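Student: This is the structure I want to talk about, given as structure tokens.
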């Protein structure tokens, strides 16, 4: 293909995949149970090196005792450790829930979120998209490998995959497409022991499945620039210096917001008047 035709063919392919996934998962739920932006942020951070299923077995007890940042700050570290120990890295994650920032409100800003220790670009994108409604396309391991498997991205890096998918798919679909690909990967398209011929997407979309797919095998290189983030800048700009998966490491969760709040919404006061 010439570059222009190649790009248009890739977009058509991506839209066809997105339509299939939308038919399978028309209203994809957020897999992590939560009742506020604060709880979502905590749940995403706890999911590092764990699974959503395991996190959902732990957070009801955790949030019953610490439903918001102010209440969480009143808990003893060993009490938190006892609740989340099954998720791994309990001492690390427990300490990180207890330092005051932003007056207890979760900031509706990529820059402010990614400045919190333990919050990388992927975690910030989940919160910005699912708690505050900003356009974002968080890329986890399922999305990263399926984009490569389907020939939609080179798969060289999470940042490249995010860029390519943002170019290929309409901004209005990003939130649902992110969740739809995750659910599809878990239920129909595993990393190992996968039969592409029996997969409703891989059977036609995987490079080599057909002549048109083979021609698209090189991925989405050269598709141009993805739309900017809601702040007017590229939301992935800081991800190269931070973990794109938002993994929590030693002493990182200790600087989550403390105070009142946790409403899953953003206001001018939250954006402009938060104290760091």
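Bear in mind that the values in this text are calculations on the coordinates, not laboratory data. Values in this document were obtained by computation on a predicted structure and should not be read as measured data.
Student: Provide the convex hull volume over Cα atoms per residue for region 1-138, in Å³.
Tutor: Each residue corresponds to 134 Å³ of Cα convex hull volume.
Student: Let me ask something additional. Could you work out how much longer the chain between residue 8 and residue 50 gets when fully extended? Use 0.36 nm per residue separation minus the Cα distance between them, nm to one decimal.
Tutor: 11.3 nm
Student: Here's a follow-up. Could you list log10 I(q)/I(0) for region 1-79 at q = 0.19, 0.21 Å⁻¹, which the Debye formula gives when each Cα is one point scatterer?
Tutor: -0.84, -0.93
Student: Let me ask another. Can you list the equivalent-ellipsoid semi-axes of region 95-206, largest first and in whole Å, using the square root of 5 times each Cα gyration tensor eigenvalue?
Tutor: Rounded to whole Å, the semi-axes are 31, 14, 12.
Student: Give me log10 I(q)/I(0) at q = 0.13, 0.21 Å⁻¹ for region 124-169, Debye formula, one equal scatterer per alpha-carbon, no solvent.
Tutor: Relative scattering, expressed as log10 I(q)/I(0), comes to -0.27, -0.65.
Student: Right, here's the next one. Subtract the Cα-Cα distance of residue 145 and residue 76 from 0.36 nm times their separation in residues, and report this length gain in nm to one decimal.
Tutor: Between residue 145 and residue 76, full extension yields 20.9 nm more.
Student: First check a/c for region 141-191, with a ≥ b ≥ c the square roots of the eigenvalues of its C-alpha gyration tensor; if it is under 1.5, answer rounded, and if not, answer prolate when a/b is larger than b/c or oblate otherwise.
Tutor: In terms of gyration-tensor shape, oblate.
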